Amino acid sequence: MKKLFVLTTLVLMVALSLSADIYVKQKTHTDGMMGQPATDVIQEQWISDNAFASVSADQSIVMDMKKNMMYMINHKSKTYVETTLPMDLTKLLPAEFAAMAGMMMMTATVSPTTETKKVGQWNCTGYDVSITVMSMPMKMRVWATTDVPFDYNQFNAKIWGNVLKGQMMLDENSVKEMMKIKGFQIANEMSGEMMGMKFSTNTEVLEISKKNPPANVYAAPAGYTKKDKLSMDDLQRR
């Protein structure tokens, strides 16, 4: 009986480990600007072989690779928009922003460096990223590692490009530039100037582990209203 209990326990543990997905927890700090206080946002990411979810209190991005669909979710208004992959953000913009689509898109160029440092428990390599949006230049230093418990090449190729389009509103050439970053991004430091005021944002991964994902994390939440286009509030939360 004791042997049977041990065997059953081992089988259960193996089954749970096989069903577990990759869990990433990160924190983003944004300095105060234009009378607004500094903010700290916790974001959780869930990565499986065929799905991805990036979840924060205000908004989520979800991708279902089996359905070839992407969902951009606003938790404040309890609404979402959906689009097929590969993503074309211009199709989701409201009519009043259609003419400004080109101006709203960000462009980016990546320059690898030979600098290395340890961020948390991860050995990272530095990359310098130059970003331009509406003729305003910004600088970003990215620290990335190849020491992660999943295939980061597959993740970048299947998922990360579409996340960048949705969150950073990058054009196709800029997404290709970002793919020069080898590995998974552990930290980034972005700074620039907008309307004569300097700003900075820092993001750092706090945890990477294997966990069982919450139910329905890879889907639009039940009870939320589907919309055809993104609103100004949606865009401001990107």
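The peptide list 46-58, 129-141, put in order of mean Cβ contacts within 10 Å with the highest first, becomes 46-58, 129-141.
Scanning residues 5 or more positions from M65 or on other chains, those with amide H under 5 Å from its amide H are A51, F52, with H placed 1.01 Å from N in the peptide plane. Full extension of the segment from T116 to N153, taken as 0.36 nm per residue of separation minus the current Cα-Cα distance, would add 11.3 nm. Please identify, among T39, T30, T201, the residue showing maximal mean-square fluctuation in a Gaussian network model of the chain using a 10 angstrom Cα cutoff. Evaluated over the chain, the most mobile residue of the options is T39. The loop-placed trypsin sites (Lys or Arg not before Pro) in the stretch 66-135, going by DSSP, that have at most 15 neighbouring Cβ atoms within 10 Å of their Cβ come out as K66, K67, K76, K78. Taking a probe of 1.4 Å, how large is the accessible area per residue of the chain, in Å²? Result: 55 Å² of accessible area for each residue. Computing percent of Cα pairs over 25 Å apart for the structure here picks out one of (i) 58; (ii) 41; (iii) 46, namely (iii). Temperature 37 °C, viscosity 0.692 mPa s: under these conditions the Stokes-Einstein estimate for the stretch 139-238, based on its Kirkwood radius over C-alpha pairs, is 201 µm² per second. Partners of K139 within straight-line reach, counting aspartates and glutamates whose Cα lies under 15 Å from its Cα and excluding those fewer than 8 residues away in the same chain: D128, E177, E189, E193.
What shape does the stretch 46-121 have by the C-alpha gyration tensor, where a ≥ b ≥ c are the square roots of the eigenvalues, rounded means a/c under 1.5, and otherwise prolate means a/b greater than b/c and oblate the rest? Oblate is the answer for the stretch 46-121, as a/c is 1.5 or above yet b/c matches or exceeds a/b. With r as the distance between the Cβ atoms of K198 and T39 and R0 = 22 Å, compute the FRET efficiency 1/(1 + (r/R0)^6) and round to 0.05. Between T39 and K198 the formula returns 0.85. Solvent-accessible area assigned to carbon and sulfur over the chain amounts to 56 percent, based on a 1.4 Å probe. For the stretch 178-238, the number of Lys pairs with C-alpha atoms closer than 30 Å, counting only pairs eight or more positions apart or on separate chains, is 7. Our estimate of slack between T107 and D88, defined as 0.36 nm per intervening residue step minus the Cα-Cα distance, is 5.3 nm.
Springs between Cα atoms under 10 Å define the GNM used for the chain, and in it the highest mean-square fluctuation of G166, G32, G192 occurs at G32.
Against the chain, whose longest principal axis is taken from its Cα atoms, helix 2-19 shows a tilt of about 20°. Only Cα pairs under 8 Å and 6+ residues apart enter the sum, and on that basis the relative contact order of the stretch 107-220 stands at 26 percent. Fully extending the segment from S231 to D128 would add 33.9 nm, taking 0.36 nm per residue of separation and subtracting the current Cα-Cα distance.
The values are calculated or read from the model by the stated rules, or taken from the named source; none is laboratory data. Since the structure is predicted, the reported quantities are computational estimates derived from the model, not experimental observations. With ideal geometry, Cβ positions are generated from the backbone for all residues, glycine too; neighbour counts draw on all protein chains shown. With ligands, DNA and RNA removed, areas are computed over all heavy atoms of the protein, side chains included. Shrake-Rupley method; radii C 1.70, N 1.55, O 1.52, S 1.80 Å.
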